[in-house]
Amino acid sequence: MPIRTRTLHIPTPDGPADAFAAFPGAFPDTGGRHPGVLMYPDAFGIRPVLREMAAELAGHGYYVLVPNVFHRHGPTPVIDLPAYIGGEERSAVLDRLMPLIREHTAERTLRDADAFLRFLTTRPEVAAGPVAVTGYCFGGLLAVRTAAAHPDQVAALAAFHAPVGAGDPDALAGITARAHFGHAASDLTPEALRELNEALDAAGVDHTSEIYPGTVHGFTMSDTDAFDPAGLKLHWDRLLPLLGRIRESS
């Protein structure tokens, strides 16, 4: 299936956010419409591996929008990144990113979420109906907050190696989307997983939530030293059936 890609600019209350989009389409575009997916990147941001993942997902019939969540600090790349993020370089990059992460409050997240979903759902290539939100690491937390704030629009939610429980536990009650959470074995103990799943059950979230065996934080990202091929495959095995929920509604 031919995949088209574009660099776009999303209007937000705090200025334009650059974004990457991937979607099915012949050359020239045939005008087809596809279910929409808002994909939040990890804190390292939009880069080749995220573009590749978005294009792979688009190949399954989705319009995938990957926003620059740190757009208030400049366009992508917000900071210089090595081609391979590992070892001491990884620590140095995270040190530079932590102030940006701390400044990205829940209020900023929700202002952006409103703008990102409005933009996504009004694209001519996106089918009418509910959308999905997915995210990685820090982006997974943003995906959870977005789904909780927009239960009427988000029908599927996925987060991988993400601090799912880092926000207000009461906010989980706003989620009506079918959800999947794939946790790194280095991030969550079985006891912590049990407590999180109990909180999700108490909030009435229709979910699956599991630790991916043998993985460490960041296991989906092939340009980092955390990458685990088996973990990435399991991520696709869980994500693609989940997204069928929005395809059925489109």
Solvent-accessible area of Arg33 with every protein chain in place, 1.4 Å probe, in Å² to the nearest 10: 140
Accessible carbon and sulfur surface of the range 114-172 relative to its total accessible area, %, 1.4 Å: 55
DSSP-defined beta bridges in the range 8-76 - what % are antiparallel, rounded to 5: 70
Spin-label model distance (nm) - Ala55 vs Asp201, 7 Å beyond Cα toward Cβ: 4.3
Placed amide H near His207: partners under 5 Å, 5+ positions off or other chain: Ala179
Linear extension gain, Ile79 paired with Ala106, 0.36 nm per residue minus alpha-carbon span: 7.5 nm
The range 116-155: equivalent-ellipsoid semi-axes (sqrt of 5 x gyration tensor eigenvalues, Cα, Å): 19, 11, 8
Gaussian network model of the chain, Cα within-10 Å springs - most flexible of Ala83, Ala158, Ala106: Ala83
Gyration tensor (alpha-carbon) shape descriptor, the range 108-213, a/c threshold 1.5: prolate
Residue with peak Gaussian network fluctuation, the chain [Cα springs, cutoff 10 Å], from Val154, Val216, Val64: Val216
Other-chain or far-sequence residues with amide H under 5 Å of Leu188's (modelled H): none
Order of exposure, largest accessible area first, which applies to Met221, Met1 with probe 1.4 Å: Met1, Met221
Amide hydrogen neighbours beyond the local backbone of Tyr40, cut-off 5 Å, H modeled: Thr134, Gly135, Tyr136
Accessible surface of Glu210 - all protein chains present, 1.4 Å probe, nearest 10 Å²: 50
The range 21-86, accessible area per residue, ligands and nucleic acids excluded (1.4 Å, Å²): 35
Stretchable slack from Trp236 to Ser186, in nm (0.36 nm times residue separation minus alpha-carbon distance): 16.0 nm
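The values are calculated or read from the model by the stated rules, or taken from the named source; none is laboratory data. Predicted model, so just to flag it, every value in this text is computed and none were measured. In this analysis, Cβ positions are derived from the backbone assuming ideal geometry, glycine residues included, and neighbour counts consider all displayed protein chains. Heads up: the accessible areas ignore ligands, DNA and RNA and are worked out on the full protein's heavy atoms, side chains in. Shrake-Rupley method; radii C 1.70, N 1.55, O 1.52, S 1.80 Å.
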